[in-house]
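Here's the structure, in structure tokens; my notes come after.
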Amino acid sequence: MLRNVRIIHKFPLVLISFALLAAVTTGVIAYLQSTRALYAQAEAHLFALLESREATLRQYLETAEKDVLFHAQSPLIGLAMQDFTAAWKTLPEDRETYLKERYSQLNPYSFERMQVRASKEDLSSYSDIHARYHAVFLSLIASRSFYDIFLLDPDGNVVYTALKEFDFAKNVSGDPDLFGLNHAFEAVARNHRQGSAVFSDFKPYAPSNSEPAAFIATPVLDKNGQQLGVLAFQLAIDAINDIMQVTVGMGETGETYLVGTDRLMRSDSRFLEDRSILEQRVETSSVNLALAGKAGVHVTTDYRGVSVYSAYKPIDFLGVRWAALAEIDEAEVLGPVYQLNYYLLVIGLALAAVIACLGYLLATDLSKPILSMVHAMNRLASEDLKTDIRVPERSDEVGLMGKALIHFQSFAIEREELREQLSHIAKHDSMTGLPNRSYALDYLRSLIEAGSVENSAVSVFFADLDGFKHINDTYGHQMGDAVLKMAAERFQTCIRKEDMVARIGGDEFLFIVVHDRTEAEHELIAARILASVDVPFRVGLRELSVGVSLGIATWPTHATTVRELMRLADEAMYEAKARGKNRFAYCNPIAAS
């Protein structure tokens, strides 16, 4: 078994396999158990949160029901209902216009104006009645967080409203803009038993800027049980939002919300920026089950398309059913499981790594030194002399072999360095460091023999320093050598990396340039070379000036051999000197032919 596997691999492989098998088995068991436990915990937690929200919401709704029933039976409301109805009948025929003109100055959102004064011309009994009761109704709104309070006479006329929106003084019967209020009024009209209340579910209500509005209403009866009218409260949607949007205990992704039988939200979503009430449709399995009267917890896809744990149950209030839901992303519920699995994975990998290290150390102690030397000898055989050979200090035969291998590498490196030094000396000028005549001509010959590249040409610039002999004769060879070195440095800046400048003897230099046949670059190159010596050479305290004469010949235009190119360029250089020096000249085309 594993006979063909090296020892250095065999030991760690076997040990790691057993370690990983144990880690995987432990991880799977831990995952299954922890997942089941977290499922049960998440279900119980979600349902408890849902029941807490339900209890708070039900308390709010039942308080509103008790309030409307209590006040409808109070003598004050009965008296107010009678007074407003009687005053209403005394108003001119166009009651709506009459009342709105006289109460248009009311700020419906400020409870600082506890009294509303009609105009001085309004001497009707309605004004007196309104002034008598209005502060009481405003106080009731403030104390119970209702949005508005309405008194309607038996014919459906809104004889009083605290906020004076455009539903004031209207008749609600059949008015589509007052849907919700007229629904509550009609329900009370059908059943006006004392102690009974009706609830109209949230719908967009035009008088309140089409914001969602719900109404709870009850009949106002006299001592004989005769209906005096209807008392209606408009519920504040913000109160329900405040109840359902409590995020304590919901984590990062949890929320509770309500959905009506029309599958539209009755409270805002925590995750949608715009208003969700009566705008966001929710048609999930949880909603369907809750509206069907069932309660429970399961994993499903929510209205965002996210997999969630969803607790659901119905909430029934005065004939209206809502689906109450508490949901949290499945990813967050399983977060601890994922974290546990991560820890188990890390521990398993760490254990496997420790076992692997032990196996590896055991295996490498037997095979690594020999294997390392085999690899080193193969690299040395392929002339990779820079390979790093490291052999541990050992007293056995393996240690002796390693020391011999290191000595062998040292001898090979010294031999290669000597060879490179001799090659460099043979190819370069010792003073300037530039390629010498032999190396330059070999390079030029290789370009010509290879045909350079298609649509390209090779030009040689034969350069001779003007005035250099005077420097040598006047200041000595040491000063002249310094000028040659500086000239060489400047000449190297005039060419590209792929071109070459060489010193071919004395004060003579050779430029080899490969360029495009279709564009004459000679003048640009020559101008750079001439410009490079315009600035005097500073040697010590002296400034020395030289010029340069250039002769130019091009392959294959002027010649096809190295010998001919050099001869023509040399002749062109002397032609440049004859014309006054410090300039360039092309080779003579006649001579070239």
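Before moving on, here are some points about what is shown:
- Check on PRO207, under 19 Å from TYR60 (Cα atoms) and open to solvent by less than 30 Å² (accessible area, probe 1.4 Å): no
- Put simply, of LEU264, LEU272, LEU258, LEU291 the only residue that is over 19 Å from ALA214 (Cβ atoms) and among the hydrophobic types (A, V, I, L, M, F, W, C) is LEU272.
- Within region 60-96, considering residues that are free of Cβ contacts under 8 Å to residues at least 12 places away in the same chain and farther than 30 Å from ASN241 by Cα, the one least open to solvent (accessible area, probe 1.4 Å): SER74
- Set side by side, the residues VAL259, VAL246 differ, and just one is β-branched (Val, Ile, Thr), open to solvent by 40 Å² or more (accessible area, probe 1.4 Å) and either closer than 26 Å to ALA48 by Cα or under 43 Å from the mean Cα position of the chain (by Cα) (or both), which is VAL246.
- Residue match in region 499-520 (condition: part of a loop (DSSP other than H, G, I, E, B) and over 58 Å from the mean Cα position of the chain (by Cα)): yes
- Residue within region 59-76 that is farther than 27 Å from LEU235 by Cα and modelled with pLDDT of 85 or more present: no
- Near pairs, Cβ below 9 angstrom, 6+ apart or cross-chain, from region 480-498 (in a loop (DSSP other than H, G, I, E, B)) to any residue that is open to solvent by 50 Å² or more (accessible area, probe 1.4 Å) and at pLDDT 90 or above: THR493/ARG528; CYS494/ARG528; CYS494/ALA531; ILE495/ARG528
- Among the criteria (1) in contact with a helix residue (DSSP H, G or I) (Cβ under 8 Å, 6 or more places away or on another chain); (2) in contact (Cβ under 8 Å) with a residue 24 or more places away in the chain; (3) open to solvent by 20 Å² or more (accessible area, probe 1.4 Å); (4) under 29 Å from PRO92 (Cα atoms), the one GLY174 does not fulfil is (2).
- Qualifying residue in region 217-224 (condition: under 19 Å from GLU165 (Cβ atoms) and more than 38 Å from the chain's Cα centre (by Cα)): yes
- In region 463-489, the residues that are under 16 Å from PHE584 (Cβ atoms) and open to solvent by 10 Å² or more (accessible area, probe 1.4 Å): ASP464, ASP466
- Going through (1) under 21 Å from ASP242 (Cα atoms); (2) buried (at least 16 other Cβ atoms within 10 Å of the Cβ); (3) not charged (D, E, K, R) one by one, ALA55 falls short only on (2).
- Single residue of region 272-304 satisfying the filter (in a helix (DSSP H, G or I) and of a type in the set (Ser, Thr, Tyr)) that is surrounded by the most Cβ atoms within 10 Å (Cβ to Cβ): SER286
- In region 19-33, the residues that are under 14 Å from VAL346 (Cα atoms) and at pLDDT below 75 form Cβ pairs under 7 Å with partners that are in a helix (DSSP H, G or I) and small (Gly, Ala, Ser), at six or more places apart or across chains, as follows: ALA19/ALA352; LEU20/GLY348; LEU20/ALA352; ALA23/GLY348; ALA23/ALA352; GLY27/GLY348.
- Among the residues making up region 228-245, those that are assigned to a strand (DSSP E or B) and hydrophobic (A, V, I, L, M, F, W, C) are LEU228, VAL230, LEU231, ALA232, PHE233, LEU235.
Okay, residues lined up against (1) touching a residue at least 24 places away in the same chain (Cβ under 8 Å); (2) on the phi > 0 side of the Ramachandran plot:
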| site | (1), (2) |
| --- | --- |
| ALA213 | yes, no |
| ALA217 | yes, no |
| LEU228 | yes, no |
| GLN234 | yes, no |
| VAL246 | yes, no |
| MET250 | yes, no |
| ARG263 | yes, yes |
| LEU272 | no, no |
| LEU278 | yes, yes |
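- Once region 428-479 is narrowed to residues that are of a type outside the set (A, V, I, L, M) and part of a strand (DSSP E or B), the residue that is modelled with the lowest pLDDT is SER456.
- Residue that is farthest from HIS558 (Cα to Cα) [pool: residues in region 507-520 that are in contact (Cβ under 8 Å) with a residue 24 or more places away in the chain and open to solvent by 10 Å² or more (accessible area, probe 1.4 Å)]: ASP507
- The condition of being part of a loop (DSSP other than H, G, I, E, B) and either within 28 Å of ASP238 (Cβ to Cβ) or at pLDDT below 90 (or both) holds for LEU123.
- Near pairs, Cβ below 7 angstrom, 6+ apart or cross-chain, from region 133-154 (in contact (Cβ under 8 Å) with a residue 40 or more places away in the chain and over 22 Å from ASN241 (Cβ atoms)) to any residue that is open to solvent by 10 Å² or more (accessible area, probe 1.4 Å) and among the β-branched types (Val, Ile, Thr): ASP153/THR85
- Qualifying residue in region 563-580 (condition: modelled with pLDDT under 90 and either at positive phi or not hydrophobic (A, V, I, L, M, F, W, C) (or both)): no
- Tally, over region 136-171, of residues that are open to solvent by 30 Å² or more (accessible area, probe 1.4 Å), out of contact with any helix residue (DSSP H, G or I) (no Cβ under 8 Å at 6 or more places or on another chain) and assigned to a strand (DSSP E or B): 1
The values are calculated or read from the model by the stated rules, or taken from the named source; none is laboratory data. A quick note: this is a predicted structure, and the numbers were derived from the prediction, not measured. When we count neighbours, we look across all protein chains shown, and the Cβ atoms used for this are built from the backbone with ideal geometry, even at glycine. The accessibility values were calculated without ligands, DNA or RNA, using every heavy atom of the protein model including side chains. Shrake-Rupley method; radii C 1.70, N 1.55, O 1.52, S 1.80 Å.
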